[in-house]
Amino acid sequence: METFPLAASTFSEEEQKALLEVIQSGQWTMAEKVRRFEHEFAEYLGSRYAVMVNSGSSANLAAIGALRYLEQDPIEPGSEVIVPAIAWATTYAPLQQYGYKLKVVDIDPTTLNVDVDLVEEAITSKTRAIVAVNILGNPCELTRIQSLSKKNSLYMIEDNCESLGATLNNKKCGTFGDIGTHSFFFSHHISTAEGGMITTDNEELYHLCLALRAHGWTRDLPEGAKLKRQSEALYDFALPGYNLRPTEFAGALGSTQLMKLNQFLEARRQNASYFLSLFENSKNFQLQVESGSSSWFGFTFVIQPNSGLDREKVFQALRDTGIAFRLITGGSFTQHQYSKHFDFTSPFQTRHADWAHHNGFFVGNFSFDCRTKIDLLYSTLKPFI
């Protein structure tokens with residue numbers, strides 16, 4: 001029985017009421033509540049446009065698809081895209097599915113985010129985009145990646161699925177790239193059970209995402225869109241799209257949860273302060289070093305190479321106490337069997353990511369006071385610190 005799970009529900013009477021209103025309305029498929037949440041989310045983030053989809057993974061899929069179908073300067077198949085060695089599986093999958101070559105770059109072992117010095121070295125004349133991933137609430141060096149992208153005429157894709165509410169230089173993460181993605185899965189900062197969002201300031205990318213979300217048709221596009229309707233029929237298909245649409249239930253939950261986000265973030269940051277007060281002087285574990293203002297998805301530990309700790313003893317101690325843990329994000333790309341299905345190169349060793357994959361883990365953080373759980377974590381790991 002888990003005494004310290006990875007995630008906990010943030011739903012209460014407000015969410016139940018929101019769901020009941022949708023049931024009573026009879027309008028369950030995507031409509032006004034989704035549109036309202038899109039508007040509220042864009043306003044919260046400071047983005048011009050937001051497109052809700054049915055998951056963060058779908059957000060990545062549509063975002064990559066939109067860059068492929070730009071009228072001017074699309075990312076053509078065979079192009080090279082730089083990615084961090086640690087990310088979620090569906091950060092990478094759309095890139096392969098759209099025919100791109102991945103160039104996998106190692107992480108900074110302290111922040112767990114991509115090593116931007118290596119990113120700079122990895123850029124070639126074939127590079128068309130950089131994927132910036134904010135790991136477990138922690139902003140990566142977004143301003144540097146943004147500068148490199150502009151300098152080299154590259155697209156910047158920002159995967160912010162784990163880091164809603166994080167900021168860098170007082171700017172919200174998810175808004176630094178040409179396009180950003182967000183997730184509202186159960187365990188994330190706000191939840192619509194399943195759900196995701198795409199944000200961008202680029203009107204054409206916005207229109208392309210609208211079409212890709214709904215079968216590739218043009219019926220949801222506003223007047224003046226570059227992707228024009230070719231017939232007066234409702235079902236005018238312009239792109240090879242998908243059905244990534246969310247439900248009205250998800251839209252209603254999103255609006256309700258967004259109103260609580262600031263208090264959720266405050267609780268997570270207070271929990272993090274307490275966590276650090278107990279663990280920050282550890283000699284045997286490398287903790288994730290905060291950059292910018294993290295939204296603290298969870299708490300990470302990487303066993304130091306020279307510590308002499310037996311990782312299986314550490315993991316068993318957590319299991320015995322009922323503390324849930326798992327790989328940091330999705331672990332290292334090169335260490336998964338699915339990597340054999342990708343066209344990729346690793347121009348540098350990914351030793352830090354690989355070490356974190358095998359010797360690192362994270363435990364949950366919550367949107368409420370969880371200091372008693374952190375005390376349990378401390379007492380469990382104290383013999384290893």
Take the alpha-carbon centre of segment 243-259, take the same for segment 153-208, and report the distance between them in whole Å.
15 Å
Taking R0 as 25 Å and r as the Cβ-Cβ distance between residue 39 and residue 73, the FRET efficiency 1/(1 + (r/R0)^6), rounded to the nearest 0.05, comes to 0.30
Let me know the shape class of segment 1-142, please: from the alpha-carbon gyration tensor, a ≥ b ≥ c as square roots of the eigenvalues, rounded when a/c is under 1.5, otherwise prolate if a/b is greater than b/c, or oblate.
oblate
The summed charge of the residue 360 Cβ neighbourhood (under 12 Å; Lys/Arg +1, Asp/Glu -1) stands at +1
Compactness ratio of segment 287-385: Cα Rg over 2.2 N^0.38 Å, N = residue count?
1.22
With a ≥ b ≥ c the root eigenvalues of the C-alpha gyration tensor of segment 234-343, is it rounded (a/c under 1.5), prolate (a/b larger than b/c) or oblate?
oblate
Relative intensity, log₁₀ I(q)/I(0), of segment 102-243 from a Debye sum that treats every alpha carbon as a point, q = 0.11, 0.12, 0.14 Å⁻¹:
-0.50, -0.59, -0.77
Quick one: among 232, 266, 80, which has the greatest mean-square fluctuation in a GNM of the chain with alpha-carbon springs under 10 angstrom?
232
Give me the one-decimal nm value for the distance between modelled label points at residue 284 and residue 378, 7 Å along each residue's Cα-to-Cβ direction.
1.8 nm
Can you pull the percent of the chain's accessible area that's carbon plus sulfur, 1.4 Å probe, other chains left in place?
49 percent
Please compute the per residue accessible area over the chain with all protein chains in place, 1.4 Å probe, rounded to a whole number of Å².
43 Å²
Return the single residue from 369, 220, 159 with maximal mean-square fluctuation; model: Gaussian network over the chain, springs between Cα atoms under 10 Å.
220
For a paramagnetic label modelled at 7 Å from the Cα of residue 310 toward its Cβ, which residues of segment 342-385 fall within the zone defined by backbone nitrogen distances under 14 Å?
384
How large are Rg and Dmax for segment 185-275 when calculated on the C-alpha trace, in angstrom?
17.8, 60
Here FRET efficiency (C-beta to C-beta, residue 327 to residue 232, R₀ 35 Å, nearest 0.05) is 0.10
Please calculate the 1.4 Å probe accessible area of residue 68, with all protein chains present, and give it to the nearest 10 Å².
60 Å²
Provide the three semi-axes, in whole Å and in decreasing order, of the ellipsoid equivalent to segment 153-237 as defined by the square roots of 5 times the Cα gyration tensor eigenvalues.
29, 17, 9
To the nearest 10 degrees, how steeply does helix 56-68 sit against the main Cα axis of the chain, on a 0 to 90 scale?
50 degrees
Most mobile of 337, 349, 146 in a GNM of the chain (Cα contacts under 10 Å):
337
Take a quick pass over segment 72-182 and tell me how many lysine pairs come in under 28 angstrom between Cα atoms, counting only ones 8 or more apart or on separate chains.
14
Candidate values [x] 19.4; [y] 22.1; [z] 17.6, label of the one derived for mean projected area of the Cα convex hull in nm²
[x]
Checking segment 70-130 for trypsin sites (Lys or Arg not before Pro) in a loop per DSSP with at most 11 other beta-carbon atoms within 10 Å yields 126
Simple spin-label estimate for residue 171/residue 17, 7 Å along Cα→Cβ, in nm, reads 3.8 nm
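The values are calculated or read from the model by the stated rules, or taken from the named source; none is laboratory data. Worth saying up front: this structure is predicted, and the values here are computed from it rather than measured. Counting neighbours? That spans all protein chains shown, and the Cβs are built from the backbone with ideal geometry, glycine included. Ligands, DNA and RNA are excluded from the accessible area calculation, which covers all protein heavy atoms including side chains. Shrake-Rupley method; radii C 1.70, N 1.55, O 1.52, S 1.80 Å.
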